[in-house]
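Engineer: Have a look at this one.
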Amino acid sequence: MLYREAGDFKTGYRADGQTFPIRLDRWGYYILLAVAVLVVPFLINDYWANAVFVPFLIYAIAALGLNILTGYAGQVSLGTGGFMAVGAYAVYKLMTAFPDISIVIHILLAGGITAIVGMLFGLPSLRIKGFYLAVATLAAQFFLVWLFNKVPWFYNYSASGQITAPTRTVLGHAVTGPATSAPAKYLICLAFVLVLAWVARNLTRGTSGRKWMAIRDMDIAAEIIGVNPLTAKLSAFAASSFFVGIAGALLFSVYLGAAEVGEAFGINKSFLVLFMIIIGGLGSIFGSFAGAAFMVLLPVLLKNLLVGQLGWPTDLAAHIELMIVGALIVLFLIVEPHGLARLWALTKEKLRLWPFPH
Amino acid sequence: MTKLRFAALVAAGLMAAAPALADLVVPNLSYRTGPYGANGTQYADGFNDYFTLLNERDGGIGGEKIQVPECETAYNTEKGVECYESTKGSGALIYNPLSTGITYQLIPKVSVDKIPLYTPGYGRTSAKNGKVFEWVFNAPANYWDGASVAIKYLLDENGGDLNGKKIALVYHNSAFGKEPIRTLQDLSAKHGFTLTEIPVDAPGQEQKSQWLQIRRDKPDYVIMYGWGVMNQAAIQEAANIRFPMENFIGIWWSGSEVDVTPVGAGANGYKALTFHGVGMDYPVYDDLKTHVIDAGKASQDGQHVGSVLYSRGLYAALVISEAIRKAQEIAGTSAINASQLRDGFEQLDITPERLAELGLPDFGPEIKMSCDNHGGSGMARMQQWDAEAGQWNLITEFTEPDQEILNPLILEDSEAYGAEAGITPRDC
């Protein structure tokens, strides 16, 4: 009754092909954007920024990146943590080597560097598929972490092997370093998310996205109809790594401020991002956001509920939290194997009919 | 609809974080889960119990009760940051995260938020230089002190000469484990021993290849900077290759009961550094028993009372409580804030007499801090594991580290940090 498309006429292909073809969706999207840009920055404090919004936005970028590779192009990757490390160390080296250049350019360059590294490790995908490719990317994960631990040049020869982000500003406001205000942190991440989500959406519904999906669905058939697997696969690796690299750069410079490769970018990170896209929905932009929100927010929510509200001991709460998150993941996958994005689509289907189910 | 409900739940749950408190708040960023949980949980118990003792016996410090809200970090830096952010709004006076990784993360943050950070025996060594690190304290000893005291002990064992000896450093491949490398390299140049660095990736359950290398190289001594499950694995592997245990020395984080007991008799003779006493032969335990353990108020029912890490948590709480007392004295008010506590730390002086008064005679070294020295004397002593009796025995007195080597290194590292972070050193 409320959510409907009746009377929503399209008069051109452009209107028909837009991201949110239903007017109500479009409004919802604009309202969400307005709240995110105009309201949240004025209400946000350190806790909300550091525990909720900034990690959510950064992981959303990483999930978008991995979704391009795994969800759209069908190439399984377990190297996300390693590629995030490349982004983080690239931005660190750039920040300290060229302090006068804007951090925004450094973050984009870090994404570019990660894209090159990702393409390099994507080369085996031309010969191997599925589990074998997963193992090859797993090797990338371990190799990259080892490299950043082993070669002191990457961490500027600091005694502890830690990298620490110096203060850098955008338009006069600090966005990295300890003096960063909560709104600045949030806004820089939000800006990257908005631009990158827009890019991802347009990449995936354009020629390149169609090529990736053709490769995903059946690579031999795709080759026969004229998709070059070399360029399609490598461009998927490059685009995906670009996103993941930016996520890593933001994670280190804006969110953590200091990082140690084995701890911040270990294999756990690869799995975390992979879980995000599986739970959120493979091959879906909305799914990347939903999955990131689920994996980032649920533990925080449970912790505050169990320890803050119910006053449970912290160790018990931590264990229960792991069990609840694990059980919910299994439950979600049984109830809806295609993730939260599919659940959301089904909800919308039902809403269209509501309150008259037939 | 489900999404709306979920969002509402999220909001409701999150808004409830960290209730406002009126007393002195000392958050305990602990970890009782994960590969470091076995060690972290004992430390957290000691930390909690000492403050419970003060609350129960003395009614707090200077009449102010102490609240110790706990937050689980799982030794994970991201969770540590979340814990810091969620507790700092409650008027937190000081942080003691028991993790070098989290410490590195918090050093810039506490300097901006103006909350002291106390990292006894861990964290960033060069934070000893109070001119640069205004808000960080790491007395009574730091990693480089530990490395130096260990080498001093070996010098004594070898009649003052380590020329031509081979020493291997087995370390946790993280900021924590890498800390002593530079000191040991300088010491090896000074004393003429060769140093082999052998990293172990976290968490370190699997160390076959590392110990194979040790078996091949046959070093005279092995020094270990390990934590959590890595310690047990290393001591087990050392026992497996029949490495002489008395030539195997751990840093203080590798010298607790949980590290040696799984290896059984094979661990007999293993040595470790410590910067405080062990065991329950101290008068403070009588009070603890009356007011905390028998009253059923002990953290986790007092199952770890008296262990090495419990003692260390207790000692950290003791130093913090003494600093609070000092701060109250200086500020002339019992309800101090975080920056007043910092002043208390800078003028802290825990004499041996004061320690005896507190019921822990000869427990730790004298701690005397100043504006430029945030690290105390750096003295540490050696303890050895007696597997049959199941206890640690102190085998040396408190020993001074080699300040001639350490001071230039601390100055260099802290100044490099100051330059990178844009800090002008204070005048002291």
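The values are calculated or read from the model by the stated rules, or taken from the named source; none is laboratory data. This structure is a prediction, so every number in the text was calculated from the model and none was measured. Note that we place each Cβ from the backbone using ideal geometry, even for glycine, and neighbour counts take in every protein chain shown.
Engineer: For residues in segment B:88-98 being more than 9 Å from chain A (Cβ to nearest Cβ) and at pLDDT below 90, which is surrounded by the most Cβ atoms within 10 Å (Cβ to Cβ)?
Structural biologist: B:Gly91
Engineer: Out of the residues in segment A:44-80 that are within 13 Å of another protein chain (Cβ to nearest Cβ) and either closer than 23 Å to A:Ala139 by Cβ or among the polar types (S, T, N, Q) (or both), which is surrounded by the most Cβ atoms within 10 Å (Cβ to Cβ)?
Structural biologist: Result: A:Asn50.
Engineer: So, one more: Given the structure, is A:Ala290 within 14 Å of another protein chain (Cβ to nearest Cβ), touching a Phe, Trp or Tyr at 6+ places or on another chain (Cβ under 9 Å), buried (at least 19 other Cβ atoms within 10 Å of the Cβ) and farther than 28 Å from A:Arg201 by Cβ?
Structural biologist: Values: within 14 Å of another protein chain (Cβ to nearest Cβ): yes; touching a Phe, Trp or Tyr at 6+ places or on another chain (Cβ under 9 Å): yes; buried (at least 19 other Cβ atoms within 10 Å of the Cβ): yes; farther than 28 Å from A:Arg201 by Cβ: no.
Criteria not met by A:Ala290.
Engineer: Just give me the residues in segment A:254-269 being farther than 15 Å from B:Tyr104 by Cα and either of a type in the set (D, E, K, R) or surrounded by fewer than 24 Cβ atoms within 10 Å (Cβ to Cβ) (or both), in sequence order.
Structural biologist: Within segment A:254-269, A:Gly266, A:Ile267, A:Asn268, A:Lys269 qualify.
Engineer: Still on this model: Report every pair of residues separated by at least 6 positions or lying on different chains whose Cβ atoms are under 8 Å apart, first residue within segment A:329-346 and under 22 Å from A:Leu64 (Cα atoms), second exposed (fewer than 12 other Cβ atoms within 10 Å of the Cβ) and of a type outside the set (A, V, I, L, M).
Structural biologist: What qualifies is A:Leu343/B:Thr2.
Engineer: I'm trying to understand the selection: among the residues of segment A:249-278, which are within 14 Å of chain B (Cβ to nearest Cβ), of a type in the set (S, T, N, Q) and within 17 Å of A:Leu138 (Cβ to Cβ)?
Structural biologist: Across segment A:249-278, the qualifying residue is only A:Asn268.
Engineer: For segment A:60-86, enumerate the residues that are of a type in the set (Val, Ile, Thr), assigned to a helix (DSSP H, G or I) and more than 17 Å from A:Ile113 (Cα to Cα). Show your work before the answer.
Structural biologist: Here is the first cut: in segment A:60-86, the ones of a type in the set (Val, Ile, Thr) are A:61, A:68, A:70, A:76, A:80, A:86.
Now drop any that are not assigned to a helix (DSSP H, G or I), which leaves A:61, A:68, A:70, A:80, A:86.
Result: A:Ile68, A:Thr70.
Engineer: Just to be sure, is A:Ile215 in contact (Cβ under 8 Å) with a residue 12 or more places away in the chain, touching a strand residue (DSSP E or B) at 6+ places or on another chain (Cβ under 6 Å), more than 13 Å from every other protein chain (Cβ to nearest Cβ) and in a helix (DSSP H, G or I)?
Structural biologist: Against the criterion (in contact (Cβ under 8 Å) with a residue 12 or more places away in the chain, touching a strand residue (DSSP E or B) at 6+ places or on another chain (Cβ under 6 Å), more than 13 Å from every other protein chain (Cβ to nearest Cβ) and in a helix (DSSP H, G or I)), A:Ile215 does not qualify.
Engineer: Restricting attention to segment A:148-173, which residues are closer than 18 Å to B:Asp413 by Cβ, in contact (Cβ under 8 Å) with a residue 60 or more places away in the chain, not aliphatic (A, V, I, L, M) and not in a loop (DSSP other than H, G, I, E, B)?
Structural biologist: A:Tyr155, A:Thr164
Engineer: Looking only at segment B:397-424, which residues are among the acidic types (Asp, Glu) and farther than 19 Å from B:Leu184 by Cβ?
Structural biologist: Selection gives B:Glu397, B:Glu415, B:Glu420.
Engineer: Looking at B:Leu406, B:Leu355, which one is within 14 Å of chain A (Cβ to nearest Cβ) and surrounded by 22 or more Cβ atoms within 10 Å (Cβ to Cβ)? Spell out the reasoning first.
Structural biologist: Values: B:Leu355 fails: within 14 Å of chain A (Cβ to nearest Cβ).
Sole residue among the options that is within 14 Å of chain A (Cβ to nearest Cβ) and surrounded by 22 or more Cβ atoms within 10 Å (Cβ to Cβ): B:Leu406.
Engineer: Report the residue count in segment A:1-39 for those that are touching a Phe, Trp or Tyr at 6+ places or on another chain (Cβ under 7 Å) and either of a type in the set (Val, Ile, Thr) or touching a residue at least 24 places away in the same chain (Cβ under 8 Å) (or both).
Structural biologist: 1
Okay, residues lined up against (1) surrounded by fewer than 22 Cβ atoms within 10 Å (Cβ to Cβ); (2) within 16 Å of the chain's Cα centre (by Cα); (3) not assigned by TED's automatic domain parsing to the domain that holds B:Ile350:
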{"site": "B:Val284", "(1), (2), (3)": "yes, no, no"}
{"site": "B:Leu288", "(1), (2), (3)": "no, no, no"}
{"site": "B:Val292", "(1), (2), (3)": "no, no, no"}
{"site": "B:Gly302", "(1), (2), (3)": "yes, no, no"}
{"site": "B:Leu314", "(1), (2), (3)": "no, yes, no"}
{"site": "B:Leu318", "(1), (2), (3)": "no, yes, no"}
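Engineer: Does B:Asn96 qualify as being touching a residue at least 60 places away in the same chain (Cβ under 8 Å) and under 30 Å from A:Lys269 (Cα atoms)?
Structural biologist: It is true that B:Asn96 is touching a residue at least 60 places away in the same chain (Cβ under 8 Å) and under 30 Å from A:Lys269 (Cα atoms).
Engineer: When you look at B:Ala38, is it of a type in the set (Gly, Ala, Ser) and touching a Pro at 6+ places or on another chain (Cβ under 8 Å), yes or no?
Structural biologist: It is false that B:Ala38 is of a type in the set (Gly, Ala, Ser) and touching a Pro at 6+ places or on another chain (Cβ under 8 Å).
Engineer: OK, next. What do you reckon, is B:Gln210 free of Cβ contacts under 8 Å to residues at least 60 places away in the same chain, under 24 Å from B:Ala127 (Cα atoms) and not assigned by TED's automatic domain parsing to the domain that holds B:Ala316? Break it down stepwise before answering.
Structural biologist: Working: free of Cβ contacts under 8 Å to residues at least 60 places away in the same chain: yes; under 24 Å from B:Ala127 (Cα atoms): no; not assigned by TED's automatic domain parsing to the domain that holds B:Ala316: yes.
No: the conditions fail for B:Gln210.
Engineer: Taking into account only those residues within segment B:409-428 that are within 14 Å of chain A (Cβ to nearest Cβ) and of a type in the set (Ser, Thr, Tyr), which is nearest to B:Gly279 (Cα to Cα)?
Structural biologist: B:Ser414
Engineer: So in segment A:314-343, with the set limited to residues that are facing another protein chain (nearest Cβ under 8 Å) and more than 22 Å from A:Phe56 (Cβ to Cβ), which one is surrounded by the fewest Cβ atoms within 10 Å (Cβ to Cβ)?
Structural biologist: In this case the residue turns out to be A:His319.
Engineer: Further question on the same structure: For the list (1) buried (at least 21 other Cβ atoms within 10 Å of the Cβ); (2) among the hydroxyl-bearing types (Ser, Thr, Tyr); (3) touching a strand residue (DSSP E or B) at 6+ places or on another chain (Cβ under 8 Å), I need the number of the one condition that A:Thr204 fails.
Structural biologist: Evaluating A:Thr204 over (1) buried (at least 21 other Cβ atoms within 10 Å of the Cβ); (2) among the hydroxyl-bearing types (Ser, Thr, Tyr); (3) touching a strand residue (DSSP E or B) at 6+ places or on another chain (Cβ under 8 Å) leaves (3) as the failure.
Engineer: Then there is this: How many residues are outside any helix (DSSP H, G or I), more than 19 Å from B:Tyr122 (Cα to Cα) and touching an Asp or Glu at 6+ places or on another chain (Cβ under 9 Å) when one looks only at segment B:75-90?
Structural biologist: Counting residues in segment B:75-90 that are outside any helix (DSSP H, G or I), more than 19 Å from B:Tyr122 (Cα to Cα) and touching an Asp or Glu at 6+ places or on another chain (Cβ under 9 Å) gives 1.
Engineer: Find the helices (runs of 4 or more DSSP H) located wholly in segment B:114-219 whose residues include 1 or more that are closer than 20 Å to B:Leu409 by Cβ and within 14 Å of another protein chain (Cβ to nearest Cβ), and list them.
Structural biologist: B:143-157, B:175-178, B:181-191
Engineer: Turning to a different aspect of this structure: How many residues are outside any loop (DSSP other than H, G, I, E, B) and not hydroxyl-bearing (Ser, Thr, Tyr) if we restrict to segment A:1-48? If you could, list the steps in order and put the result at the bottom.
Structural biologist: The first filter runs over segment A:1-48 and keeps only residues outside any loop (DSSP other than H, G, I, E, B), leaving A:13-16, A:23-43, A:46-48.
Right, trim to not hydroxyl-bearing (Ser, Thr, Tyr) and you get A:14-16, A:23-28, A:31-43, A:46, A:48.
Total meeting the criteria: 24.
Engineer: Would a scan of segment A:95-102 turn up a residue that is more than 14 Å from chain B (Cβ to nearest Cβ), assigned to a helix (DSSP H, G or I) and of a type in the set (Val, Ile, Thr)?
Structural biologist: Checking segment A:95-102: not a single residue is more than 14 Å from chain B (Cβ to nearest Cβ), assigned to a helix (DSSP H, G or I) and of a type in the set (Val, Ile, Thr).
Engineer: For A:Asn304, indicate whether it is more than 30 Å from A:Arg210 (Cβ to Cβ) and within 16 Å of the chain's Cα centre (by Cα).
Structural biologist: no
Engineer: Oh, and also: Sort out which residues of segment A:121-148 are in contact with a Phe, Trp or Tyr (Cβ under 9 Å, 6 or more places away or on another chain), of a type in the set (A, V, I, L, M) and surrounded by 14 or more Cβ atoms within 10 Å (Cβ to Cβ), and write them in order of number.
Structural biologist: A:Ala136, A:Ala139, A:Ala140, A:Leu144, A:Val145, A:Leu147
Engineer: Can you tell me which residue among A:Val254, A:Val300 is assigned to a helix (DSSP H, G or I), at pLDDT below 90 and β-branched (Val, Ile, Thr)?
Structural biologist: A:Val300
Engineer: Return a yes/no flag: does segment B:144-167 have any residue that is within 20 Å of the chain's Cα centre (by Cα) and free of Cβ contacts under 8 Å to residues at least 60 places away in the same chain.
Structural biologist: no
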